[in-house]
Amino acid sequence: MKEASKWWKHSITDLKTAEYDLKGGMLNAAAFYSQQAAEKALKALQIKKLDRFERTHDLVYLAKSVEAPETIVKLCGLIAPF
């Protein structure tokens, strides 16, 4: 559980960074940190549900691996490949 919490906290930090960059007009940085936030949140969920995480950056794969709702899977497809 401790490992999942660590990944979740990193995802929140990345999300806050993305929001800050977006407000500052730094769109590429905002897109990058948004992707990172989603990836780390999904890996936290993998750890919680599967007791492991996979070393991949494929958001769609990560979302499917935790049986995320189809809406989330589709949104992950929109974020990738950035």
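Throughout, read-outs are computed from the coordinates displayed, never taken from laboratory work. Being a predicted model, the structure only gives us computed values, none of them experimental. Virtual Cβ from ideal backbone geometry, glycine too; neighbours counted across all protein chains shown.
Please report, to two decimal places, log10 I(q)/I(0) for segment 1-43 at q = 0.17 Å⁻¹ as given by the Debye formula with identical point scatterers on the Cα atoms and no solvent.
At q = 0.17 Å⁻¹ the computed log10 ratios are -0.41.
So for each of 51-59, 3-11 I average, over its residues, the number of other beta carbons within 10 Å; can you give me the resulting order with the highest mean first?
3-11, 51-59
Calculate, in nm to one decimal, what residue 26 and residue 49 gain on full extension: separation in residues at 0.36 nm each, minus their alpha carbon distance.
4.8 nm
Would you please classify the overall shape of the chain from the alpha carbon gyration tensor, given that a ≥ b ≥ c denote the square roots of the eigenvalues, rounded means a/c under 1.5, and beyond that prolate means a/b larger than b/c while oblate covers the rest?
Here the chain falls in the oblate category.
Under DSSP H, which helices of the chain have Cα atoms covering 27 Å or more of the helix axis and a Kyte-Doolittle average no less than -1.0?
Details: long enough: 2-23 (32 Å, -1.23); 27-50 (34 Å, 0.00).
For the chain, where a helix must reach 27 Å along its axis and average at least -1.0, the hits are 27-50.
Where nothing but the Cβ of Lys and Arg (+1) and of Asp and Glu (-1) is charged, how large is the charge dipole of the chain around its Cα centre, in debye to the nearest 20? Kindly include the intermediate steps, with their values, before the conclusion.
Numbers: 13 positive and 10 negative charges, 55 e Å.
Dipole size: approximately 260 debye.
Less than 20 Å apart at the alpha-carbon level, and either on another chain or at least 8 residues along: which aspartates and glutamates does that give for residue 2?
Here the aspartates and glutamates satisfying the reach criterion relative to residue 2 are 14, 39, 51, 54.
Counting only helical runs of four or more DSSP H residues, what would the 222 nm mean residue ellipticity of the chain come to if each run contributes -39,500 (n - 2.57) and the total is spread over all its residues?
-25500 deg cm²/dmol
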